[in-house]
Amino acid sequence: MRWDEVIDEARRRANWLTRTSVDGPPHLGLLLPNGIEYLTWLFACALAGWTVVGLNPTRRGEALARDVRSTDCQLLIADDASLVLLDGLELGLAPERVVPLVVAVSLAATMPAEPLPLPSDDTLLLLLFTSGTTGHPKAVRCTQGRLAGIAEAVVPVYGFSAADVCYCPMPLFHGNALMALIAPAVLVGAPIALPPRFSAGGFLDDVRLFGATMFTYVGKAIAYLLATAPTDDDRSTTLVRAFGTEASAADRARFEERFGCVLVEGYGSSEGGVNIIATPATPPGALGPAAPGADVVVVDPETGIEMARAVFDDHGALRNGSDAIGEIVNRSGVGKFEGYYGAPEAEADRTRTGWYWTGDLGYRDEEGYFWFAGRGGDWLRVDSENLAATPIEAVLSRYQPFGGVAVYAVADPRGGTGDAVMAAVEMRNGAAFDAEDFIRWMALQADLGTKWPPTFIRVCEKLDETATGKITKVRLRQEAWHCADPVWFRPSRTDTFTQLRKADAELLDSQVARASLPVR
């Protein structure tokens, strides 16, 4: 569709929304796949002064119902496949307010394409749920003015122009797609290509079909693309650049070498309290510097005292993790954060002391560059030393047979009150885990800290992830070595890995119990 056709259709739908409105917040729940329908309803809400509640179609049962109820949806539009997910759920809506997509489109088609008075900048446009990697997702508020401001800031930084073709494989119910791609593309009038969902196997075919020049990603999507079989014409595309988060430095280098497309990393969230964008001078693997004028630092999450600057050894390994790793905070205020909808306690915790607390771990070097060290739950305490998961994952991800790595803490069966390092891994192309080869490889990694080698390796067919492609470790931590997946155990650095049997797992449980530690 051309942009003028999209706007005419959005105006018809905006007029239908205003005429179908009832008492209560004008919140429209969208339970749709990526596509022109989702975007057109989004634009209709923007014109009508309504709010889009981006519902996650991978949620099920009461979790999905809770998302609808907690955001006070007065109307919900879903396609046929998604309507099935709503059967029997208590949504807090009258049945006639849950409208099939085909019906809503048909009713809106009878409306005139007349423009409505434009809403003010402070009109709430989006309620975007957080990924839920550490708990219940929260609905982040985003006004029309904030989204427009993001677009104005992103366009010059990422070089958007009307000549681009912007490919959007990330879900439209999440900030990555809307803030980093859709909004800037709309601002410059660039074409947008919308596959229904991300597909590693279909990615290059789509890129060639649309002539895409750029796309957005999360790190797991890049890992999936690199796991596809290479071809001789991988570089023969129109792709120039891509923007995203949480792709390892090694994966970014491999992607650029294979596909000829530069990946630009940034750090941020739907909340907008802290944004860090890499500059040309940013060291490989670092996030980048704080934005000019922002007092962004790394602090002890308990005391708020600023942590020491990071010190690296000759191989680039962090030498003072216990002193340098803390929580990334914005001491100059809450940034662009406009609050959570219906979650005052979570909002107050995020903005305590007048700062914005990201909940993310990181460290900062002497030149002021920030380095990501994991989510708030990614602390490990090994032999009385505080470690963070992300630096360990970055090293282990270089092991070629691994297609994905998640590092987390489990109870140390050797006793004491500390943790053992456990790594859940995906193997590339169905490869088997070769314990001896992995041990030899680790011995050659100069930047693998002495406390970092895993005690446990869990070989998964597929790592757990959210709908936006972020790895979630909740189930992994809970199960520890109790799972159907093969688990390999290495008691010490002088031992080899052996695959755990049921009796071995029970012995580890008894060792943990004797140390009065809970099995995690």
Original post:
Cα atoms only, the chain: Rg and Dmax in Å?
Top reply: 24.0, 76
**OP:** Specify whether the C-alpha gyration tensor of the range 410-455 places it in the rounded, prolate or oblate class, a ≥ b ≥ c being the square roots of the eigenvalues: rounded for a/c under 1.5, otherwise prolate if a/b is larger than b/c and oblate if not.
**Re:** oblate
Original post:
When the dipole is taken about the Cα centre of the chain, and only Lys, Arg (+1) and Asp, Glu (-1) are charged at their Cβ, what size is it in debye, to the nearest 20?
Top reply: 420
**OP:** Determine one quarter of the surface area of the Cα convex hull of the range 7-83, which equals its mean projected area, and express it in nm² to one decimal.
**Re:** 4.9
**OP:** Return the distance in nm (one decimal) between the two label points of a simple spin-label model at residue 485 and residue 504, each offset 7 Å from Cα along Cα→Cβ.
**Re:** 1.6
**OP:** Could you run the Debye sum over the Cα atoms of the range 294-375, one equal point scatterer each and no solvent, and tell me log10 of I(q)/I(0) at q = 0.20, 0.21 Å⁻¹, two decimals?
**Re:** -0.86, -0.92
Subject >> Overall dimensions of the range 379-514 by Cα: Rg and Dmax, Å >> reply: 14.1, 41
**OP:** Please give the contour-minus-distance gain from residue 322 to residue 209: 0.36 nm per residue of separation, less the Cα-Cα distance, rounded to one decimal in nm.
**Re:** 35.7 nm
Original post:
Stretch residue 5-residue 400 to full length: gain in nm at 0.36 nm per residue minus the Cα-Cα span?
Top reply: 137.4 nm
Original post:
So, how do all the Cα-to-Cα distances of the range 330-409 break down into 5 Å bins, in percent, from 0 on up?
Top reply: 3, 13, 16, 18, 17, 15, 11, 6, 2, 0
**OP:** Could you give me the radius of gyration and the Dmax of the range 266-320, taking only the C-alpha atoms into account and expressing both in angstrom?
**Re:** 13.1, 37
Subject >> Stretch gain in nm, segment residue 22-residue 492, where the contour uses 0.36 nm per residue and the Cα spacing is subtracted >> reply: 162.7 nm
Original post:
Per-residue ellipticity at 222 nm for the chain, helices alone: DSSP H runs ≥ 4 residues times -39500 (n - 2.57), over residue total, nearest 500 deg cm²/dmol?
Top reply: -8000 deg cm²/dmol
**OP:** Within the range 61-82, find all residues whose amide N lies under 15 Å from a label point positioned 7 Å from the Cα of residue 348 along Cα-to-beta-carbon.
**Re:** none
**OP:** Step through the table entries 138/470; 138/462; 138/336; 220/470, compare each Cα-Cα distance with 18 Å, and write down the pairs that go over it.
**Re:** 138/462
Original post:
What is the mean projected area of the alpha carbon convex hull for the range 230-343, to one decimal in square nanometres?
Top reply: 10.7
**OP:** Taking every pair of alpha-carbon atoms in the range 462-507, give the share separated by more than 17 Å as a whole percent.
**Re:** 47
Subject >> Estimated inter-spin distance, residue 148 and residue 238, nm [label 7 Å along Cα→Cβ] >> reply: 3.0
Original post:
Size of the dipole of the range 33-140 about the Cα centre, Lys and Arg at +1 and Asp and Glu at -1 on the beta carbon, nothing else charged, in debye to 20?
Top reply: 280
**OP:** Go ahead and run the numbers for FRET between residue 511 and residue 253, Cβ-Cβ distance against an R0 of 51 Å, rounding to 0.05.
**Re:** 0.80
Subject >> Per-peptide average of other Cβ atoms within 10 Å, ordering 495-503, 214-222 highest first >> reply: 214-222, 495-503
Original post:
What is the calculated FRET efficiency for residue 450 to residue 84, with r their C-beta to C-beta distance and R₀ = 60 Å, to the nearest 0.05?
Top reply: 0.70
**OP:** Considering the options 460, 217, 425, tell which one lies farthest towards the positive end of the dipole of the chain, charges being +1 on Lys and Arg and -1 on Asp and Glu at the Cβ, about the Cα centre.
**Re:** 460
Subject >> Cα extents of the range 28-172 along the three principal axes, largest first (Å) >> reply: 47, 45, 29
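The numbers here are math on the coordinates, done by the rules we state, and not lab data. As the structure is a prediction and not an experimental result, all values here were calculated from the model. All Cβ positions, glycine included, derive from the backbone under ideal geometry; neighbour counts span all protein chains shown.
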